[in-house]
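The values are calculated or read from the model by the stated rules, or taken from the named source; none is laboratory data. Computed from a predicted model, the values in this text were never measured in an experiment. Cβ placement follows ideal geometry from the backbone for every residue including glycine, while neighbour counts extend to all protein chains displayed. When the accessible area is computed, the model is the full protein with side chains, heavy atoms only, and any ligands, DNA or RNA have been set aside. Shrake-Rupley method; radii C 1.70, N 1.55, O 1.52, S 1.80 Å.
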Amino acid sequence: MAVARTRAIALVGLSGSVVEVEADLSSQLPAFVIIGLPDTALGEARERVRSAAGNAGCPLPARRLTVNLSPASLPKHGSAFDLAIALSCLAAAGTVDADSVARVVHLGELGLDGRLRPTHGILPAVLAAARAGHERVMVPSANAAEARLVPGIEVVPVATLREAVERHGGDPGIEAARIGATVDEGEAHAIPASTESPEGDLADVIGGDEPIQALLIAAAGGHHLLLAGPPGAGKTMLASRLPGILPDLSPEAALEVASLRSLAGHPIGETLSVRPPFEAPHHTASAAAMVGGGSRGIRPGAAARASHGVLFLDEAPEFPASVLDALRQPLESGRISIHRANAVATFPARFQLVLAANPCPCGGGDSPDDGCACPPATKRRYFARISGPLLDRVDLRLFVHRVTPSRLNMERDRADDPGAAPVMTSEEARRIVVRARDAAARRLAGTPWRTNAEMPGPWLRGDGALHPGSVATRALDRSLERGSITMRGYDRVLKVAWTIADLEEAERPNAEHVGRALAMRLGTSA
């Protein structure tokens, strides 16, 4: 009786656990048994592995093969265990070097002809292997570029099971091609600076300085934003410009964003993208599509994929109330936890929420007070589809007016005037945002927070060095007494006031900053 071992990775959300794949070959009636809590796709690996091994020229022996996936209590999903199962079985049969197989983490799905097919979630799986202390991982060739995004681990790409067998010394004629001579361990995994450009530039926005100022405040402080206004006013255009003025992602954030994309099955390039993601789900999206889920493997939803970026919900009142309210907890905690009977998957959800809404079903006029074809009760019911608790988590509210002919002519005259002040571009706005965020990061040094929106309210109010003072918050205190804002709203006004002060390079917020933040909170002015 011979037992061989190798390792694979079981993913639950973004968290990966090392799974020991044991293969036992015994002199009993021929059979192939997989134990250790596999799901249906993993249980079908018996037929894939047997056919792939035969077609690769290294058939499995006609004896009883028992494959154990340890720890047995951990749920295992998907077909990425195929390669590990096949090589552990071949090692137990003596076809390949058992010691070589035991030193490598194997990931990949097998085709019946022995080819290795690309699988979802390779990047978080390789990252989990590296964090567990493993030095080598074997992956399908189609996933090699993705796997190499993880620094500090040797990636061995193979296209077929036969090639994997040869890498482990299965063919005496190519002994020199064993693992260790395949990939240069000193290969640099550099993360280049972003060369991407946003789809549109901030200079395209027409409609005055108020919308641009709101975008700058939202970007500088990481604040959530509600854009209300009639159709065609430019709400979608404004929202799509927000990612272009956000700072580049840190290497850690870029790797996390890429891991979420890999787990969701989205393509990943050969280098990490350092630009913030932008997700804009349709208003028919379900709660599972928004926050994540799945009957087998748990996949991230749009909110998780928007981490470190922007989640834009156009026509927000048209979303089901259950979908919108599912965002309330992630907006507070910055995490999404999906509970199943046998597992809990956790995804990051530190995104900026941008809501866009018409003032009423018919589109309304050019201001909240203009008349339209809808009765007042219909207007209230329509906008009330966005629940109060969700709106209470939105820091800024802006009414976007339609562009009038006079405004359009003013913009044309401004473009033709060589002495006029230049229009702010996305690149210039990004520099302003980066400068404001650097000021906030210096102020928050030594804390787990990096933006003003992340500061907890009790800490902000309790720290005498950060509270603006009773004189500056006099109007804010009156609004709290009258019930115009909640305690959560009070804290968020203080956060926005700090962001305005950072943009204006002030040492601390004054009464004007707090007043402007309060007005934007109530939606009366930007």
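Structure data summary
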read-out: Alpha-carbon centroid distance for the pair the stretch 232-269 / the stretch 94-146, whole angstrom; value: 28
read-out: Carbon + sulfur, % of accessible area of the chain - ligands and nucleic acids excluded, 1.4 Å; value: 50
read-out: Cα→Cβ-extended label distance, 7 Å offset, between LEU480 and SER141, nm; value: 6.5
read-out: Protection proxy ranking of 60-69, 30-39 - average other beta-carbon atoms within 10 Å, highest first; value: 60-69, 30-39
read-out: The stretch 80-135, dipole about Cα centre (Lys/Arg Cβ +1, Asp/Glu Cβ -1), debye to the nearest 20; value: 160
read-out: Square roots of 5 times each gyration tensor eigenvalue, C-alpha, the stretch 18-90, largest first, Å; value: 19, 14, 10
read-out: Helix axis angle, 251-264 relative to the chain longest principal axis, alpha carbon, degrees; value: 70
read-out: Inter-label distance for ASP392 and SER27, nm, one decimal - labels placed 7 Å from Cα along Cα-to-Cβ; value: 7.4
read-out: Amide H contacts of PHE32 (H built 1.01 Å from N, under 5 Å, at least 5 apart or other chain); value: LEU65
read-out: Residue-count net charge about ARG50 - beta-carbon cut-off 12 Å; Lys, Arg +1, Asp, Glu -1; value: -1
read-out: With at most 16 other Cβ atoms within 10 Å, longest stretch of the chain clear of loop GluC sites (Glu not before Pro) (DSSP); value: 316-503
read-out: Folded to 0 to 90 degrees: helix 235-245 orientation relative to the chain principal axis, Cα; value: 60
read-out: Accessible area (Å², per residue) of the chain, counting only protein heavy atoms and a probe of 1.4 Å; value: 43
read-out: For the chain, calculated [θ]222 nm from helices alone, where every DSSP H run of n ≥ 4 adds -39500 (n - 2.57); value: -10500 deg cm²/dmol
